[in-house]
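Here the structure is laid out as structure tokens; the discussion comes afterwards.
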Amino acid sequence: MSARTLPLLFLNLGGEMLYILDQRLRAQSIPGEKARKDEWTDVDRKRVMNDIITTMFNKKFMEELFKPQDLYSKKALRTVYDRLAHASIMRLNQASMDKLYDLMTMAFKYQVLLCPRPRDILLVTFNHLDAIKDFISDSPGILNQVDETFRRLIETYNCLSDGEFQLIRQTLLIFFQDMHIRVSIFLKDKVQNSNGRFVLPISGPVPWGTEVPGLIRIFSHKGVEVKRAEFTTAGNYVTPQREGSFELYGDRVLKLGTNMYSVTRPVETQMSGSSKTLTSQAKENIAPNPLAKEELNFLARLLGGLDIQKPAGGETGFRLNLFTTDEEEEHAAQTRPEELSYKVINIEATQEPGRRAELSRILGELEVAEPRPGSAEKGEDLLALMDGL
Amino acid sequence: QAAWCELPARVLLVLTSQRGVQMYECDGSTMVFWHALDVPEQPAAHSVFARGIAAAGGRFVCVGTSFGAVLVFDIPPKGTNVTLSEVLEQHRDPITDIAAEQGQAQDGAGDLVTADDSGTLCLWSTGEEFTLLGKIPGSGSTCSSVTLWNGIVAAGYGNGQIRLWEAGSGQIRAQVSAHARWIYALDLAPLTGKLLSGAEDSFVHVWKLSRSQDTDDIEIQHCHAECVTDTQVCGARFCDPAGDTFAVTGYDLSEILCYGPA
């Protein structure tokens, strides 16, 4: 398996997460003047997006991410996104977080599966990064961090061979194997079947560098073409127009990895009933992984994973709901099949003086610099965390 | 990967992984031999694995590695005294597949072909010492799978093409725009020269290779196509030496699909 897969997995899943959060925040936002203290406004949304993106592209984290290493276990990766989603004033209940993660993973699985060439996974990643840059287009500081990562991607991956990309693709597909959660936006668009499997089209443009199937050319022993024949199949392919750009800026051509959510299309997932494939996936998740705790400690450190205190003054606070109503969220939490629960591990950072110094230094780097007038109450827990060090 | 290696004296089940090569008795009862690859302490940027398995020359099992080297193991008729006889170092890219001659070897054509990530093919003559007879350079696309029959090399590529090469001269004899995606598997039925190809485009094709002894014409014809709906085909093998039946596997598929005459 390829030891260069993790950055692609992390960045693409992160990109999908941002698309979904952005859509939900827009759907639930109220114009600034009319909003009560506990309702979302546009300013809040931008701040949440900024905070998460800043944390995601943290320099130290990126350095660690790009080191050759095996993929994290599903549990470890899920915890990373838990922390990431809570890097700002936003809170998600378990049910909403579960749904968010389901959507993210199924979306990226779809993109990996449908990539025309193995190296097009890079174009998918660039699509996500282009969109992320759009989210923070008015914050030059973070924009710089994202561009740095972009350059690093180009440096690390542009020179890899097709064979190496295919290995990366296979590593990703193994990670996503046996996941068949049904996503309503996919079902509606007919890209997913009712059994949870994706529709693989047998028409459309062939990958760049591939010819439309059908031609047989025969050569003599002197290398001269002596015969042509054709064969037909059910497929209906055409030649592609042009190749996507692998530069820092450019037309990616490929649509996979672009934002498919819009404010008017609520996204739901449906849990498939118990089946053999689900159980086998669950068993793999539940098996104890002694290394997972090690990885999690390190990640938790990097993302400033301290105990997150409950917001003062009531439960609802600044909670984001991935469902349409609170009742739906409650119901989803209760009816989620046991085998699909993610069993997130909670970690407390240690109190050793050495580590504390490290933590405060890293947290210092993660702090969002601009002062935020009039939002003292909302950022309460974040500030409390800072004060506590 | 897993492959049956049929030698005159015995049949071995050979497995390759990121750790190395394992060989088992054909009933899976005992592990006959185990060869570990040099795995670095920290994961390196370049992956380490063994890939590509073939029985050759009546007494060898050849296994490819991600370093580009091909390991040649000498297999005794009985017992566990397997030795590493030779290491072939002609490829500079990870080996993808290895195939031994399944029909009549032609003069000067060699009886083993090895393929790698860059699309380069090497032709060998097996024996106490293996001899490199020829090299066909790649042209930008990974050669993912290869077969050898009656001196015809049939190679499947990541860009969906199947090419036929003449093993003796290294000349290209046919080029087929066979699939719209990466070809994962090629198999050959030695009694009839039928060729099976399976790819990520959901299609499995059956072709017929032929070689005329007098005119030296090499031909490939399309016989049959199957579309495995919504499945990326990962494996395809004939179930009998005449190629009347074949089996297919795919990503996310927990079943093996078998196809036969109506």
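Just so you know, all these numbers are worked out from the coordinates, no wet-lab data involved. The structure displayed is predicted, hence computed values, not measured ones. Positions of Cβ are generated from backbone atoms using ideal geometry, with glycine treated the same way; all protein chains shown enter the neighbour counts.
So, in Å, what gap is there between the alpha-carbon centers of the range B:197-262 and the range A:41-117? Measuring centre to centre over Cα atoms gives 41 Å.
The ranking of B:H224, A:H180 from fewest to most other beta carbons within 10 Å of each one's beta carbon is B:H224, A:H180.
Footprinting exposure proxy ranking of B:D74, A:D130, fewest other C-beta atoms within 10 angstrom first, gives B:D74, A:D130. Take each residue in A:153-166, count the other chain C-beta atoms within 10 Å of its C-beta, and the mean is 4. Net charge in the neighbourhood of A:A333 (other residues with Cβ under 12 Å of its Cβ; Lys, Arg +1, Asp, Glu -1) is -4.
Shielding of peptide B:136-142 by partners, expressed as the average count of other chain Cβ atoms within 10 Å per residue Cβ, is 2.
Taking amide H as placed 1.01 Å from N in the peptide plane, B:S85 has its amide H under 5 Å from the amide H of B:V72, B:F73, B:D74, each at least 5 places away in sequence or on another chain. Here the peptides B:229-240, A:143-154, B:143-154, A:13-24 are ranked by packing, the mean other Cβ count within 10 Å, and the order with the highest first is B:143-154, A:13-24, B:229-240, A:143-154. Backbone amide hydrogens, once placed in the peptide plane, bring B:R173 within less than 5 Å of B:L164, B:W165, B:E166, excluding anything fewer than 5 places away on its chain. Across the range A:330-335, coupling constants 3J(HN,Hα) worked out from phi with the 6.51/-1.76/1.60 Karplus curve, θ = phi - 60°, read 4, 4, 4, 4, 6, 9 Hz, and Gly and Pro carry x. Of interest is the spacing of the C-alpha centroids, which for the range B:1-69 and the range B:169-189 amounts to 25 Å.
Going by a ≥ b ≥ c, the root eigenvalues of the Cα gyration tensor, does the range A:98-141 fall in the rounded group (a/c under 1.5), the prolate group (a/b larger than b/c) or the oblate group?
Here the range A:98-141 falls in the oblate category.
Is the shape of the range A:116-183 rounded, prolate or oblate, going by the alpha carbon gyration tensor and its root eigenvalues a ≥ b ≥ c, with a/c under 1.5 for rounded and a/b larger than b/c for prolate? It comes out oblate by the Cα gyration axes.
Using only atoms on other chains, find how many Cβ atoms lie within 10 Å of each Cβ of peptide B:176-188 and report the average.
On the way: counts 9, 12, 7, 6, 15, 10, 8, 0, 1, 0, 0, 0, 0.
Mean shielding count: 5.
Close amide H pairs (under 5 Å, H built 1.01 Å from N) link B:G52 with B:G64, residues at least 5 positions away or on another chain.
Judged by the ratio a/c of the largest to the smallest principal axis of the C-alpha gyration tensor, the range B:2-184 counts as oblate, that ratio being 1.5 or greater while a/b is no larger than b/c.
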